[in-house]
Amino acid sequence: MGKILLTAKEQNIYNVGGSQKISKGFILRPVRYTTMSSKDILEYCTQNSMVPPAYVSATMHALTQSIRNFLLNGHSVEFPNLGTFRITCESTATNNLEAAGIRQLMEFKIRFLPSSDLKEDLAKIDCELEGVYEIVGERVLERDADGNPIRTEKLYSKIKGGEDEIIESTDDYDDDEDDDDTNSQPDNGDSGNSNQGGGGGFSG
């Protein structure tokens, strides 16, 4: 069974208790390690299957190309014991019948839906707290033409979970889960699941 390290960092939290206000709070996040490359996966599969690397590489290339083709033609693709990839889209809303149509489309996205087996494994996973961090300072690294901050760097101090230390974390003002402002309302299940389809095949 797997094991995940977690950290709790102080952030601005929006809409606590439906207050429509911003307050300070600690948000729990998993510690992210390196991203496993196609080469890493190829080597792991080869070592654990005793199949020659060339055969594994050819199979994985054909598999990723098939998945990509099915997804781009509107099909959902299921991986046994892992989950299903499917196409979704974002669009504008309109109450004007004449405006309804293709022009409402903003972008396509790919969503991953974990299988019931994977969900069960996630529920059983071991967790360990790496530390709790509070914000002790911040400096602006970049501003726009109007003087508004575009990129900032926060300084965190570990206050729980081990010896105190100061760490730096760069927070960009973009739309990801590490943004400063976190909405306290329940996640609708879409965030973090816009995995892009396999871009090309695996190489040996």
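Provide the packing ranking of 123-134, 89-100, i.e. peptides ordered by the mean count of other C-beta atoms within 10 Å per residue, highest first.
So the peptides 123-134, 89-100, ranked by packing, come out 123-134, 89-100.
According to the square roots a ≥ b ≥ c of the eigenvalues of the Cα gyration tensor, what is the shape class of region 23-80, taking rounded for a/c under 1.5, prolate for a/b larger than b/c otherwise, and oblate for the remainder?
Oblate, because a/c is 1.5 or more while a/b does not exceed b/c.
No value in this document is a laboratory result; all are computed from the given coordinates. Keep in mind it's a predicted model, so treat the numbers as computed, not measured. Reconstructed Cβ throughout: ideal geometry from the backbone, glycine too, with neighbour counts over all protein chains shown.
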